[in-house]
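Read the figures in this text as sums done on the coordinates, not as results from a lab. What you see is a predicted model, and the numbers here were worked out from it, not measured in a lab. Note that each Cβ is placed from the backbone with ideal geometry, even for glycine, and that neighbours are counted across all protein chains shown.
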Amino acid sequence: PVWKWMALDAGPQGQATLYALVGGEEVRPKTEVSADASLGSWQFPAGTGWDYKREKTNFGFGRTIVAMDPRAKKILWKHEEQEYLDSRGFCMTSGRIYFYSPERFLGCLDAKTGKPLWKTSDAELLKAIGPSGPAWASVEWGFATVPFLKCNDKYLFFSGPQRPNFVIASAEDGKLLYQRRAGYLLLVLRDDALYAIGGQAG
């Protein structure tokens, strides 16, 4: 009943396809009021929900990926995993969908057919990506709900909330190519270069 992640591919001649990760109901945290109303902002929550401790009810976690024809309202294909997938670890480019199950595996689907192209549980890669850290402890960790996976035709880039390292993996097979302790970096992908912005980037 809950949409976790979506991407719309316009396709040739306007034949759009809607891709989504779907799953169950999510935790509903209580609203937290700022201790000082004059600040005009809110406190960063660190309690239930924002701690990402229960995969079944975490924000953005699901196990079913679907492709739909939005005009005909028809499901084109469906792919299901036994383990929960984190929507912050989803990205798509050039007919491929990449997805991540925390500390378990990284995978890739053919966006046209929904068929798996590859899936890896390589220990070196998973160790480099690392376990989830605090939802919000400092600028180094970033705010929890921001995506931490980006991609282009050649590479997958891991950097974002709850991730201790900056990691690059191959888009062809998920092989680990590069890693460094960097904390939370904001990444900008361009044809000419990769730009990384953050306090730990030096």
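Could you list the residues of the range 102-117 with an amide nitrogen less than 15 Å from a label point located 7 Å from the Cα of GLN15 in the Cα-to-C-beta direction? Label zone hits: 111-114.
If the chain between LYS78 and ARG190 were fully stretched, how many nm would it gain, using 0.36 nm times the residue separation less the Cα-Cα distance?
Roughly 37.2 nm would be gained on extension.
Using only the Cα atoms of the range 46-181, build the gyration tensor, take square roots of its eigenvalues as a ≥ b ≥ c, and label the shape rounded, prolate or oblate: rounded if a/c is under 1.5, else prolate if a/b is larger than b/c, else oblate. Oblate is the answer for the range 46-181, as a/c is 1.5 or above yet b/c matches or exceeds a/b. Peptides 152-165, 70-83, 48-61 ranked from most to least packed give 152-165, 48-61, 70-83, packing being the mean of other C-beta atoms within 10 angstrom over each peptide's residues. For the pair LYS53 and GLU172, the difference between a 0.36 nm per residue extended length and the Cα-Cα distance amounts to 39.7 nm.
Which residues in the range 105-133 place their backbone N less than 17 Å from a point set 7 Å from the Cα of TYR155 along the Cα-to-Cβ direction? Under cut-off, by backbone N: 125, 128-129.
With 30 Å as the limit on Cα-Cα distance, the pairs of LYS74/LYS175; LYS112/LYS150; LYS73/LYS154 that go past it are LYS74/LYS175; LYS73/LYS154. The order of the peptides 184-193, 167-176 by mean Cβ neighbours within 10 Å, most packed first, is 167-176, 184-193.
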